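Each remark here refers to the structure printed beneath this line.
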Amino acid sequence: NAGVTQTPKFRILKIGQSMTLQCAQDMNHNYMYWYRQDPGMGLKLIYYSVGAGITDKGEVPNGYNVSRSTTEDFPLRLELAAPSQTSVYFCASRSSNTGELFFGEGSRLTVL
Amino acid sequence: QQQVKQSPQSLIVQKGGISIINCAYENTAFDYFPWYQQFPGKGPALLIAIRPDVSEKKEGRFTISFNKSAKQFSLHIMDSQPGDSATYFCAASTGSGNTGKLIFGQGTTLQVKP
């Protein structure tokens with residue numbers, strides 16, 4: 001059982017470049033989330049989705065976009081990378097039975 | 001009002017000692033309070049959670065104490081072990097956690113010395 005899988009694990013971008021962080025879950029969870037983790041700041045919610053075709057903004061959505069065409073996949077798009085987007089990004093899905101969030105192993109992004 | 005404030009930022013405990021991490025919140029609508037544990041290079045994983053209808057919840061060596069009137073909750077790790085060395089996050093949400101939109105504290109890095 002793979003759980004939540006994120007790719008890539010590491011990426012270096014130049015300012016202004018674009019990229020997509022991929023996230024897939026095999027637990028048939030409806031709810032999925034993208035968080036970013038910065039030192040001393042905890043985790044901040046970027047976007048979330050309550051099911052295929054439905055997404056909504058979290059605390060820090062600026063500079064990001066998401067889509068949810070299937071239950072399994074929830075990609076995060078950075079259109080014009082900025083140094084402020086240097087962070088570790090975590091995707092998570094939520095069990096409707098227990099409320100527990102299951103996190104991927106993270107994607108470390110550096111923007112230079 | 002959406003913040004969850006966590007302290008200390010870092011903690012060093014001797015093996016066998018008690019580790020205590022504290023969190024405070026302002027939003028009285030919060031009704032679900034989980035703790036997540038994160039090892040280096042991994043994503044956070046649920047450790048233990050509590051709802052405000054109880055004042056304490058214990059699972060093995062891990063205990064959450066909850067003080068609704070003070071709007072505070074804490075994690076106690078009894079008989080701390082080197083394997084407990086990790087970063088711990090408190091969190092809170094409304095709707096009994098059903099939305100999963102957790103507000104996280106800043107995190108506490110725990111080091112347990114052998």
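Computed from the coordinates by the stated procedures, all read-outs in this text should not be read as laboratory data. This one's a predicted model, so the numbers in the text were calculated from it and none came from an experiment. Using ideal geometry, Cβ is built from the backbone for each residue, glycine included, and neighbour counts are taken over all protein chains shown.
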(request) Have a look at the range B:4-113 and give its Rg and Dmax from the Cα atoms, expressed in angstrom. (result) 13.2, 39
(message) At 25 °C and a viscosity of 0.890 mPa s, what translational diffusion coefficient does Stokes-Einstein give for the range A:45-91, taking Rh as the Kirkwood radius over Cα pairs? Give it in µm²/s as a whole number.
(response) 217 µm²/s
(request) Write down the percent of antiparallel bridges among all DSSP beta bridges whose residues are both part of chain B, to the nearest 5. (result) 90 percent
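Using a Förster distance of 30 Å, how high is the FRET efficiency between B:N22 and A:A2, based on the Cβ-Cβ distance and rounded to 0.05?
It comes to 0.25.
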(request) Please name whichever of A:P39, A:I54, A:H29 sits farthest to the positive end of the charge dipole of chain A, dipole taken about the Cα centre and charges placed at Cβ: Lys and Arg +1, Asp and Glu -1. (result) A:P39
(message) Counting other beta carbons within 10 Å of each residue's own, what order do B:F89, B:F66 fall into, fewest first?
(response) B:F66, B:F89
(message) I'd like to know which of B:Q38, B:V54, B:Q6 lies farthest towards the positive end of the charge dipole of the range B:4-113, counting +1 on Cβ of Lys and Arg and -1 on Cβ of Asp and Glu.
(response) B:Q38
(request) Take chain A, connect every pair of alpha-carbon atoms lying under 10 Å apart with a spring to form a Gaussian network, then pick out the residue of A:S69, A:S84, A:S95 with the largest mean-square fluctuation. (result) A:S84
(message) Just the number: Rg to Rh for the range A:1-95, Cα atoms, Kirkwood Rh, two decimals.
(response) 0.95
(message) Cut-off 10 angstrom, C-alpha nodes, Gaussian network model of chain B. Which of B:A92, B:A70, B:A24 fluctuates the most?
(response) B:A70
(request) Determine by what factor the alpha-carbon radius of gyration of the range B:1-55 differs from 2.2 N^0.38 Å, reporting the quotient. (result) 1.33
(message) Under a Cβ-only charge scheme (Lys and Arg +1, Asp and Glu -1), can you give me the dipole magnitude of the protein assembly as shown about the Cα centre, in debye to the nearest 20?
(response) 400 debye
(request) Determine the equivalent ellipsoid of the range A:70-112 by diagonalising the alpha-carbon gyration tensor, then write out the semi-axes as square roots of 5 times the eigenvalues, largest first, rounded to whole Å. (result) 26, 12, 7
(message) So if each residue of separation counts as 0.36 nm, and I subtract the Cα-Cα distance between A:D56 and A:L112, what length gain in nm does that give?
(response) 17.3 nm
(message) Using the Cα centre of the range A:4-111 as the reference point, and only Cβ charges (+1 on K/R, -1 on D/E), how large is the resulting charge dipole? Debye, rounded to the nearest 20.
(response) 320 debye
(message) Averaged across orientations, what area in nm² does the convex hull of the alpha carbons in the protein assembly as shown project?
(response) 12.3 nm²
